[in-house]
Amino acid sequence: MIENSIPVIVRILDKEYRVACNQGEEDSLIAAARLVDQKMREIRSSGKVLGTDRIAVMASLNLAHELLEKQNHKDDVNGSINTRLRNMQQKIDAALSKENRLDL
């Protein structure tokens, strides 16, 4: 086990897993396991995917896809914010430059 870690038992598709977890991160691990369990149950209940291994792969692909979409959206928002900040900075610089010329 990892130093400063504790064992945490999580249940995914009615199977228990003992996972090493950093102290203080137990709630996050349990929440992650619940999300994985929920995704796997959704896929299993659709009846389109058979076998626990395939269900796990499909669930992880779905979760990875959702994560990447959120990261891309965040990057788009950050880019938009950065553009607006640069435009505001240019306007401020122009106004200050104009004011400095008037003082001379």
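Computed from the coordinates by the stated procedures, all read-outs in this text should not be read as laboratory data. These figures come from a predicted structure and were not determined experimentally. No Cβ is skipped: glycine too gets one built from the backbone with ideal geometry, and neighbour counts run over all protein chains shown.
Below are the figures for this structure:
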| read-out | value |
| --- | --- |
| Per-pair calculated FRET efficiency, R0 = 30 Å: residue 82 and residue 53 via Cβ, rounded to 0.05 | 0.10 |
| Mean residue ellipticity (222 nm) of the chain, computed from DSSP H runs ≥ 4 via -39,500 (n - 2.57), nearest 500 | -26000 deg cm²/dmol |
| Neighbour-limited loop hits for trypsin sites (Lys or Arg not before Pro), segment 28-104 (at most 16 other Cβ within 10 Å; DSSP other than H, G, I, E, B) | 48 |
| Reciprocal of mean inverse Cα separation for the chain (Kirkwood radius, Å) | 18.1 Å |
| Between segment 19-40 and segment 58-104, the Cα center-to-center distance that results, in Å | 33 Å |
| Segment 5-103, relative contact order [Cα under 8 Å, separation at least 6], % | 15 percent |
| Inter-label distance for residue 93 and residue 42, nm, one decimal - labels placed 7 Å from Cα along Cα-to-Cβ | 4.6 nm |
